[in-house]
Every structure is written in C-alpha cells, then in structure tokens.
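Remarks on the structure that follows.
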Amino acid sequence: NYVKRIKELEVSEGSDTWGFYSIKFGIDEKLIKPPIIFPMIRTDNNKRISSIRELIEDYVMKDVLPPSGGMYMTVPSNMDPTLAPHNRQIVNMGCIGPVKSKNYQKWIDFYTDILESLVPGFRKHVLFMDVHRTGEPLQAWTGRFQGDAVGISQSVGQVGALRPKSNTPIKGLFLVGADVGMTGIGTELSALSALT
C-alpha cells in the first residue's frame, strides 16, 4: 500500500512545461527599501493577462515574451544587513520562463526591464548578476529524474500532513528533502525532514 501511494503522487510542473528563473543581483547602493516585493507589471495596457495559467500556456510554453510580467523579489540584506557589505544590497528575483528557449537572455532582459521600471537606473548599480533556472541545468546539478523547482506537486491530497513522512514503513528507508514532512517550505522543510 505504501509503495502504491508513493507511485501515485503527482510531480510538479516546471520540468518540461515551464521553468523558474532565479536571478540574483549584487547592488552597489541600497536602492530598495522593502524586504519583499510582489509586482505584477503591465507593460502593454492593450493586452491584459487574466491568470498565471494564461501566462504559462499562451506565452511561456511558446517561448514568446508576454505583454505583462510578474515576479517576486526578496532583498535578504534588508532582513540581515550582514549578508552584504556596508551600503551594498543583495536582490533576489524569482520569475517564470520557458524550460527550453532559443534565447534565454531575452527572458532575463524582460524581467530586468521590469525591475528597472520599478527602480529607475537599477542596471547601472549592478555589481554582479547570477542566473539559475530549472530544467536541464537543475537536473544535471541535482541528479534528479527531472529538473523541477518543486518535486511533489503542491496540490490537494499531498501537502501538509499528507506529504510523505521522513520515517517510512519500509525498514531502514528514511526520506529527506523539500517534499517530506509537515511544516515549512524549501530549505526549512528539507532541514526539518533531516532532523526528524
């Protein structure tokens, strides 16, 4: 029964349909005050995107830049100033793009343009930029069977208390990772799964 249950778990999208791009910037000045920003910017008011699903299916999966873009940003150095040198800033931008593209740079430029519209002059303050994305690079790095951002789909029936537990009914088999356990997400969930 346990093996059957595990085999029935749905894996997430993001390995072969759409990807997650993580773009990290080192900034030479404190430009952004909030610790977290969730913008949805409309770059073309004549075409409104009504949902993330429309964005993914009509644009991202077709490798076509959308008229609007959404992303989230965290500024870790605003939460912990020791993460960057004095008067410097670390900015993380998360956004979606195609897993396979003929031109990844156009997507990176698209989202950086949105950031530039929020913070005029942003580009001239960039000390470094580091880009990571799901798909083949993540698959090669982790050795997983797919290059997804989140392994087990975050869907009803397999989240929270219904996620697989660290302890399994199979003698000597223990599970760890961001898909195991009850509380937290990402790194926190992985660490807690290893500690239980």
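Quick notes on this one:
- Principal-axis tilt of helix 186-195 within the chain, Cα atoms, nearest 10 degrees: 30
- List ARG133, ARG88, ordered by accessible area with a 1.4 Å probe, largest first: ARG88, ARG133
- Between the residues ILE96, SER193, SER12, the greatest Cα displacement towards the positive end of the dipole of the chain, with unit charges on the Cβ of Lys, Arg, Asp and Glu, is found for SER193.
- Test item: Cα-centred dipole of the stretch 41-112, Lys/Arg +1 and Asp/Glu -1 on Cβ, debye: 140
- Heavy atoms of the protein chains alone define the surface here; on that basis the chain has 60 Å² accessible area per residue at 1.4 Å probe size.
- The chain: angle of helix 104-118 to the longest principal axis, Cα-based, in degrees nearest 10: 60
- Carbon and sulfur %, accessible surface of the stretch 1-134 computed with the full protein complex present, 1.4 Å: 54
- Projecting label points 7 angstrom from Cα along Cα→Cβ for GLN146 and THR183 puts them 3.0 nm apart.
- Subset of LYS4/LYS62; LYS47/LYS100; LYS100/LYS171 violating a 31 Å alpha-carbon distance limit: LYS4/LYS62; LYS100/LYS171
The values are calculated or read from the model by the stated rules, or taken from the named source; none is laboratory data. Owing to the predicted nature of the structure, the values given are computational and were not obtained by experimental measurement. Using ideal geometry, Cβ is built from the backbone for each residue, glycine included, and neighbour counts are taken over all protein chains shown. Just so you know, the surface numbers come from the protein's heavy atoms only, side chains and all, with ligands and any DNA or RNA stripped out. Shrake-Rupley method; radii C 1.70, N 1.55, O 1.52, S 1.80 Å.
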